[in-house]
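Working notes for the structure below.
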Amino acid sequence: MQKIKVVKTTNPKKRPDPKKLGWGVNFTDHMFIMNYTEGEGWHDARVVPYGPLELDPATAVLHYGQEVFEGLKAYHSPDGRILLFRPNMNSARLNRSNVRMAMPEIPYELFLEAIKTLVKVDADWIPTEPETSLYIRPTIIATDPKLGVHPSHTYIFYIILSPVAAYYPQGLNPTKIYVEDSMVRAVPGGTGEAKTGGNYAASLKAQEKAEEKGYTQVLWLDAIEHKYIEEVGAMNVIFKIDGELVTTPLSGSILPGVTRDSVLHLVKDWGIKVSERRISIDEIVKAYDEGKLEEAFGVGTAAVISPIGELNYKGKVMIINDNKTSAFEQKLYDALTAIQWGKVKDPYGWSVEIK
Ligand SMILES: *Cc1c(COP(=O)(O)O)cnc(C)c1O
């Protein structure tokens, strides 16, 4: 594997107030960057001072959105270790996204070494306040300076780091979610399964509409019948209906979340059954009317577990679990974050220590 060159900054930044980190607004002193050239493969892996990328205005990604990204976190454990959570899952998903977007894959060893090298250089940026972590954003962009519509022959893979607090300022408190019944996020055969910027671009108008109505995020329905639940903005979604946990199957148009997979593992180990099956919005409304919609929550790296306190579908407001965080949601959050932050022994071998 190629050696990663490290060039350290001579001009370190002023550190943000650890009590006011926000989410994804502060970035560390360094970034990882590596180039791809067809015929040569990935080359020139390096950690350099954080700074702007210089791109030709004709750069492919700026016109046709050939891009993929990932999101994971580094955690400071109480005994001073630095931990990653299931980075192999992010690597595998990045490569599936790459294949879908006609982009070159990156071997896991190189992906992991890049993250480890960068996080070690900026290790003193990992926050230690409760609920904080270092968000890691690996990104690949197409860089051919040409306007023809073709897969690019050159790419840049870069990683930036952002010390973050809880994703939602309201923490583990319930959010209000707007069920979008006309716009759609992803179609079968499209790119919904890939973590690519275009999916988010397609979601922004609905996000804006939801926010105007006082909602935090959108719940997407399927693109064909506008009937089956897909996922929430940047989270997969799980419901508890009449004692049964149900979640959308990995159908091809939703993002296969690492948090979703981890939660399903935990819950199964607790002896609780989870059904992965299609759930229609009508089933949700009916369950609500019959008093059987017990819980709903989103699961994703950013917020981990995000209880849904209110759903609005075509003007019908459904208040779930009295708009309170349930004991079960709290237990899931505590169990998963205890592993992520290295507060307990990890029974699954999910944590990867950066030494
Ligand atoms: C990243 C993402 C998720 C959550 O995936 P995690 O691996 O759990 O963070 C869910 N939905 C979408 C659309 C996403 O981009």
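The values are calculated or read from the model by the stated rules, or taken from the named source; none is laboratory data. Predicted, not measured: the structure shown is a model, and the values here were computed from it. We place every Cβ from the backbone using ideal geometry, glycine too, and count neighbours over all the protein chains shown.
Remarks
- Hey, ARG93 within 23 Å of ALA201 (Cβ to Cβ) and not in a loop (DSSP other than H, G, I, E, B) or not: yes
- Annotation note: Cβ proximity below 9 Å between a residue of region 234-262 that is surrounded by fewer than 22 Cβ atoms within 10 Å (Cβ to Cβ) and a residue that is charged (D, E, K, R) and at pLDDT below 95 (sequence gap 6+ or interchain) occurs for GLU244/LYS273; LEU245/LYS273.
- Residue that is surrounded by fewer than 22 Cβ atoms within 10 Å (Cβ to Cβ) and under 22 Å from THR259 (Cβ atoms), where the choices are TYR50, TYR64, TYR75, TYR108: TYR108
- LEU134 satisfies every condition listed in (1) at pLDDT 95 or above; (2) at positive phi except (2).
- Qualifying residue in region 188-203 (condition: outside the structural domain of GLU230 (by TED's automatic domain parsing), farther than 26 Å from MET31 by Cα and either modelled with pLDDT of 95 or more or surrounded by fewer than 19 Cβ atoms within 10 Å (Cβ to Cβ) (or both)): no
- Identity of the residue in region 266-285, without any contact (Cβ under 8 Å) to a residue 40 or more places away in the chain and in contact with a strand residue (DSSP E or B) (Cβ under 9 Å, 6 or more places away or on another chain), that ends up nearest to LEU134 (Cα to Cα): LYS268
- Some residue of region 87-100 being more than 16 Å from the ligand (Cβ to nearest atom) and crowded, with 19+ Cβ neighbours inside 10 Å: no
- Any hit, region 332-353, residues being surrounded by fewer than 19 Cβ atoms within 10 Å (Cβ to Cβ), among the aromatic types (Phe, Trp, Tyr), within 16 Å of the ligand (Cβ to nearest atom) and not in a helix (DSSP H, G or I): yes
Here's the yes/no breakdown for (1) in a helix (DSSP H, G or I); (2) under 26 Å from MET318 (Cα atoms); (3) within 16 Å of the ligand (Cβ to nearest atom):
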position	(1), (2), (3)
SER162	no, no, yes
ALA166	no, yes, yes
ASP181	no, yes, no
VAL184	no, yes, yes
GLY189	no, no, no
GLY192	no, no, yes
GLN207	yes, yes, yes
ALA210	yes, yes, yes
TYR215	no, yes, no
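- Subset of region 293-330 [within 16 Å of the ligand (Cβ to nearest atom) and not in a strand (DSSP E or B)]: THR301, ALA302, ALA303, GLU329
- The set of residues from region 303-355 being more than 26 Å from GLU113 (Cα to Cα) and not assigned by TED's automatic domain parsing to the domain that holds ASP242 is empty.
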